[in-house]
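Undergrad: One structure is given below, represented as structure tokens, and several questions about it will come after.
The values are calculated or read from the model by the stated rules, or taken from the named source; none is laboratory data. From a predicted model like this one, the values you see are computed outputs, not experimental measurements. Here Cβ is always computed from backbone atoms with ideal geometry, including for glycine, and neighbour counts include all displayed protein chains. These area figures cover heavy atoms from the full protein model, side chains too; ligands, DNA and RNA do not enter into them. Shrake-Rupley method; radii C 1.70, N 1.55, O 1.52, S 1.80 Å.
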Amino acid sequence: MDAPSPRRRATSEGTASREASPSDDLVVAAPHPSSLVQGLLGLWGIAHEELPEASALRRSCLESAGGTFQGGLTALPQANPLDTLFAFAAAGQPSAGLRRSQRSGAVYTPRAIAEHIVAEALDLWEPEDRRFEPRLPRVLDPACGSGVFLIASALALRERYALPLATIVGTALRGGDSSPAAVTRARALLEALLLSEGVPVADAVTVAQEAVYVADFLLDDPREAPADIVVGNPPYIKLQDIAPTTREALQATFGPHLRGSYSSALLFLHRMVDRLRPGDVVGLITQNNLFSSVAAAPLRARLHREGLVRRVVDFGHRPVFPGASAYTCLLFLRRSAPAPASFDYAYCSDPSRPNEAPTEALPAAALGAERWRLAYASDRDNVAKLERGGVPLDAIAQIRVGIATLLDRAFLLRPPRRSGDPHCWGKLPLGEPAPVENALTRPLLRLTEIPSEGALRKPSLRVLYPYRSTSHGVTPLPWEDLEAHHPLAARYLRAWEEVLRGRSRGNLPRDGWYLWGRSQGLRAPGPKLLTKTFSRAPAFWLDPSDSLFANGYSLTLLPEARERGWTLEALQVLLNTPILQYYLCLTSIGIAGGYQCYQKKFIAGFHLPSLLPAELAQVPTWSVEEVNACYGCAFGLDLSAIPVALDRHRGLSDTQADPA
């Protein structure tokens, strides 16, 4: 696999930067030199004045406020210099404003993850000439950041090949990054590593400079000889955060592979696959939306078509990066012929111990352009049964999504202050209260703010409703009519006009600026079941009213289901069960805190038992145990696998508050 050229095409954008470059909205605290770099050098009896001008370590010593390294590393682990080196790498990460580091895709990879990825990648690497002439593999991190993967690779190669670190770093290790600041940090780290083994200062500086360089892996031409192993943590930069000129260049380069709202992480994977030769290996940590997102479908199809996947470790909703809301997995690729018929899968409940996750071989046929539904054998069997027999949920109920105004702070209002008050109250852009005619509002259930089913009876919000019901359904209320009959609402909306026109990046119809951002959820007839979009466990609540709702989904019985004896009460009991929770843990997406997603696309395919009208009449009286037994009998489920899987998907973070 080729390493990138040092020539940069988009130096102003830093598309592939793993680290945030200095800017006005990121202030980095200046460390006292003796607390970080000089303290590190002191472990080997070197003063920073002895370092040559070209030394990245020397430059790090002289950094002032706004410089390369954050403060706070005041106690160096004297007993273990290697711990010091990894702490040194961590200290090179942005110290303020996760908003900024997330926008640039910069996150620090924990040591345990880097070391595990390097070890697994080395185990997978099998050069054609190994039997006859074992050689040192060439390792590349194309978005090296502060150099955590570089140091992990150097130490692993030294242990396996018993060669001096200077030889390993000089001949087998390469790192690139589009951020010059990141390159300085990585070079400083490698200098420190080499100095720790007694390499002369001048040699350490030279070797580190040659090993790490400024380059854009996505847009630059290859720099040098192909790499045998690529490791790393490619940046997760969202499409909307990529500068327009760089986005155009990426479109021209990766056009056939682009779909939907992609991120830079997907493009890095495509580029790695482009340069993957027979026997080459890729080992990295990346976003686990690779399994299901529309944008990743071309990549999933490609990985399956070319037979590259060797191992997947899924962390589910467990946060790997402190303070960052990225959900990740480990992915290992290798090109070989013929492609193997299976790959290894592991679900890891503890990201600090990825090597301890139980592993199972899954058939390669489980992969493809469609969503990757990865699970252990007993769970896969149960899921298949729950999707084959019985009756699918969307054949019993119509599933509707709630409203989406795209500017709730403008459209959501407080109810009248007193009985008989004809006005609801909103806030203008600067926070001043303003009245709106109550007649142009509807009661709204904002499900994320409702703690229980009983609270549905008293909606605490109203939503401004610039629509009217006709024989053809719900249609927008013409602005002229709104202005004539609801002058307070018209004045209120005019105050918000500039902001309202900016929704969806200004792509909404110009004459519909005063309407909701989406036309969904305009009607929500009751009775209906309501569920939040994200929930720790099934919580389908019965709402007899016609109140509109947000942040969730509704279920309304289909006429043919009523004819077969179905009732909302029976459906509620059959859904509020660990069986559905188990199913969604394995088939939907999760977020921190143990929350699973209850979107229509995830719940619609869940099947319920086929029951007779007399049985359905009894369901509302059943206990959870009776419901579980019904599912077990109707589908032939292995019920013993359910508590095991639910426990595996829970974590210490599951005590966090509900997502907003």
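Undergrad: Which of the residues belonging to the stretch 141-173 are over 20 Å from Asn233 (Cα atoms) and either under 32 Å from the mean Cα position of the chain (by Cα) or assigned to a helix (DSSP H, G or I) (or both)?
TA: We begin by selecting, within the stretch 141-173, every residue over 20 Å from Asn233 (Cα atoms); these are 158-168, 170-171.
The answer is Arg158, Glu159, Arg160, Tyr161, Leu165, Ala166, Thr167, Ile168, Gly170, Thr171.
Undergrad: Which one is modelled with the lowest pLDDT among residues in the stretch 111-138 that are touching a strand residue (DSSP E or B) at 6+ places or on another chain (Cβ under 6 Å) and open to solvent by 10 Å² or more (accessible area, probe 1.4 Å)?
TA: Among those that are touching a strand residue (DSSP E or B) at 6+ places or on another chain (Cβ under 6 Å) and open to solvent by 10 Å² or more (accessible area, probe 1.4 Å), it is Leu124.
Undergrad: When you scan the stretch 415-453, how many residues do you find that are over 34 Å from the mean Cα position of the chain (by Cα) and surrounded by fewer than 12 Cβ atoms within 10 Å (Cβ to Cβ)?
TA: Number satisfying all stated conditions: 7.
Undergrad: Restricting to the stretch 360-375, count the residues that are open to solvent by less than 50 Å² (accessible area, probe 1.4 Å), among the small types (Gly, Ala, Ser) and either in a loop (DSSP other than H, G, I, E, B) or modelled with pLDDT under 90 (or both). If you could, list the steps in order and put the result at the bottom.
TA: Step one: of the stretch 360-375, the residues open to solvent by less than 50 Å² (accessible area, probe 1.4 Å) are 362, 364, 366-369, 372, 374-375.
Then drop every residue that is not among the small types (Gly, Ala, Ser), which leaves 364, 366, 368-369, 375.
Okay, now just the ones that are also either in a loop (DSSP other than H, G, I, E, B) or modelled with pLDDT under 90 (or both), so 366, 368-369, 375.
Residues meeting the conditions: 4.
Undergrad: Answer yes or no: is there a residue in the stretch 298-309 that is modelled with pLDDT of 85 or more, buried (at least 17 other Cβ atoms within 10 Å of the Cβ) and of a type in the set (Val, Ile, Thr).
TA: Looking through the stretch 298-309, at least one residue is modelled with pLDDT of 85 or more, buried (at least 17 other Cβ atoms within 10 Å of the Cβ) and of a type in the set (Val, Ile, Thr).
Undergrad: Within the set of pairs 6 or more residues apart or between chains, which connect a residue that is under 17 Å from Ile113 (Cβ atoms) and open to solvent by less than 10 Å² (accessible area, probe 1.4 Å) inside the stretch 144-163 to a residue that is of a type in the set (Lys, Arg) and not in a helix (DSSP H, G or I) with Cβ atoms less than 6 Å apart?
TA: Note: pairs meeting the criteria are Gly145/Arg18.
Undergrad: Quick one: Asp344 ticks every box in (1) of a type outside the set (Ser, Thr, Tyr); (2) part of a loop (DSSP other than H, G, I, E, B); (3) in contact with a strand residue (DSSP E or B) (Cβ under 7 Å, 6 or more places away or on another chain); (4) open to solvent by 10 Å² or more (accessible area, probe 1.4 Å) bar one, so which box is it?
TA: (2)
Undergrad: Follow-up. Looking at the stretch 501-536, which of its residues are in a loop (DSSP other than H, G, I, E, B), open to solvent by 40 Å² or more (accessible area, probe 1.4 Å) and in contact (Cβ under 8 Å) with a residue 12 or more places away in the chain?
TA: Within the stretch 501-536, the subset in a loop (DSSP other than H, G, I, E, B) is 502, 507-509, 513-527, 533, 536.
So of that shortlist, the ones also open to solvent by 40 Å² or more (accessible area, probe 1.4 Å) come out as 502, 507, 509, 518-520, 523, 527, 536.
Correct list: Arg518, Gln520, Arg523, Pro527, Arg536.
Undergrad: Which number in (1) under 25 Å from Tyr347 (Cα atoms); (2) touching a residue at least 40 places away in the same chain (Cβ under 8 Å) marks the one condition that Leu639 misses?
TA: That leaves (2) as the condition not met.
Listed here are the residues, each with its yes/no results for (1) of a type in the set (A, V, I, L, M, F, W, C); (2) open to solvent by 30 Å² or more (accessible area, probe 1.4 Å); (3) without any contact (Cβ under 8 Å) to a residue 24 or more places away in the chain.
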site	(1), (2), (3)
Phe291	yes, no, no
Val294	yes, yes, no
Asp314	no, no, no
Cys329	yes, no, no
Pro358	no, yes, yes
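Undergrad: Please identify the pairs in which a residue from the stretch 438-453 that is without any contact (Cβ under 8 Å) to a residue 12 or more places away in the chain has its Cβ atom under 7 Å from the Cβ atom of a residue that is assigned to a helix (DSSP H, G or I) and surrounded by fewer than 18 Cβ atoms within 10 Å (Cβ to Cβ), counting only partners at least 6 apart or on another chain.
TA: none
Undergrad: Determine the pairs where a residue that is within 19 Å of Trp566 (Cα to Cα) and touching a residue at least 12 places away in the same chain (Cβ under 8 Å), located within the stretch 374-398, has a partner that is surrounded by fewer than 18 Cβ atoms within 10 Å (Cβ to Cβ) and acidic (Asp, Glu) with Cβ atoms under 9 Å apart, the partner being 6 or more residues away or on another chain.
TA: Filtered contacts from the stretch 374-398: Ala395/Glu560; Ile396/Glu560.
Undergrad: Here's something else I'd like to know. Given the conditions (1) at pLDDT below 90; (2) open to solvent by 10 Å² or more (accessible area, probe 1.4 Å); (3) closer than 16 Å to Cys144 by Cα; (4) touching a helix residue (DSSP H, G or I) at 6+ places or on another chain (Cβ under 9 Å), which single one is not true for Leu218?
TA: Failing condition for Leu218: (2).
Undergrad: Looking at the stretch 587-624, which of its residues are charged (D, E, K, R) and either open to solvent by less than 70 Å² (accessible area, probe 1.4 Å) or more than 15 Å from Tyr553 (Cα to Cα) (or both)?
TA: Across the stretch 587-624, the qualifying residue is only Glu615.
Undergrad: Residues of the stretch 411-426 being over 10 Å from Glu437 (Cα atoms) and touching a residue at least 40 places away in the same chain (Cβ under 8 Å), which ones? Talk me through it step by step, then tell me what you get.
TA: Within the stretch 411-426, the first condition is being over 10 Å from Glu437 (Cα atoms), and the residues that meet it are 411-415, 417-420, 426.
Residues satisfying the conditions are Phe411, Leu412, Leu413, Arg414, Pro415, Gly426.
Undergrad: Moving on to the next point. Residue under question is Arg536, and the condition is that it be of a type in the set (D, E, K, R) and more than 25 Å from Cys630 (Cβ to Cβ); does it hold?
TA: Details: of a type in the set (D, E, K, R): yes; more than 25 Å from Cys630 (Cβ to Cβ): no.
In short, no.
Undergrad: Within the stretch 378-430, take every residue that is in a strand (DSSP E or B) and charged (D, E, K, R) and give me the one that is nearest to Leu445 (Cα to Cα).
TA: Of the residues in the stretch 378-430, the ones in a strand (DSSP E or B) are 391-392, 397-401, 403, 412-414, 423-427.
From the residues that got through so far, the ones that are charged (D, E, K, R) too are 400, 414, 427.
Values: Arg400: 14, Arg414: 12, Lys427: 19 Å.
The extreme case among them is Arg414.
Undergrad: With Ala489, Ala539 as the choices, which residue is under 27 Å from the mean Cα position of the chain (by Cα) and of a type in the set (Gly, Ala, Ser)? Break it down stepwise before answering.
TA: On the way: Ala489 fails: under 27 Å from the mean Cα position of the chain (by Cα).
Every option except Ala539 fails the conditions.
Undergrad: Also: Checking Leu548 against (1) aliphatic (A, V, I, L, M); (2) surrounded by 15 or more Cβ atoms within 10 Å (Cβ to Cβ); (3) over 28 Å from Phe411 (Cβ atoms), which test does it fail?
TA: (3)
Undergrad: Now, a different point. Among the numbered criteria (1) under 29 Å from the mean Cα position of the chain (by Cα); (2) aliphatic (A, V, I, L, M); (3) farther than 27 Å from Arg648 by Cα, which single criterion is violated by Ala361?
TA: (3)
Undergrad: Here are some residues: Leu555, Leu574, Leu580. Which one is open to solvent by less than 30 Å² (accessible area, probe 1.4 Å), hydrophobic (A, V, I, L, M, F, W, C) and under 21 Å from Arg650 (Cα atoms)? It would help to see each step written out before you state the result.
TA: On the way: Leu555 fails: under 21 Å from Arg650 (Cα atoms); Leu574 fails: under 21 Å from Arg650 (Cα atoms).
Answer to the check: Leu580.
Undergrad: List, please: which pairs have Cβ atoms under 6 Å, are six or more places apart or on different chains, and start with a residue in the stretch 234-258 that is touching a residue at least 60 places away in the same chain (Cβ under 8 Å) and end with one that is among the hydroxyl-bearing types (Ser, Thr, Tyr) and assigned to a loop (DSSP other than H, G, I, E, B)?
TA: Once the first residue is touching a residue at least 60 places away in the same chain (Cβ under 8 Å) and sits in the stretch 234-258, its partners that are among the hydroxyl-bearing types (Ser, Thr, Tyr) and assigned to a loop (DSSP other than H, G, I, E, B) give Thr246/Thr15.
Undergrad: Now a separate question. Mind listing whichever residues of the stretch 254-277 are part of a helix (DSSP H, G or I) and modelled with pLDDT of 80 or more?
TA: Residues of the stretch 254-277 part of a helix (DSSP H, G or I): 254-257, 264-274.
Result: Phe254, Ser264, Ala265, Leu266, Leu267, Phe268, Leu269, His270, Arg271, Met272, Val273, Asp274.
Undergrad: Can you tell me which condition Arg501 does not meet? The list is (1) under 30 Å from Tyr582 (Cα atoms); (2) at pLDDT below 95, and all the others hold.
TA: (1)
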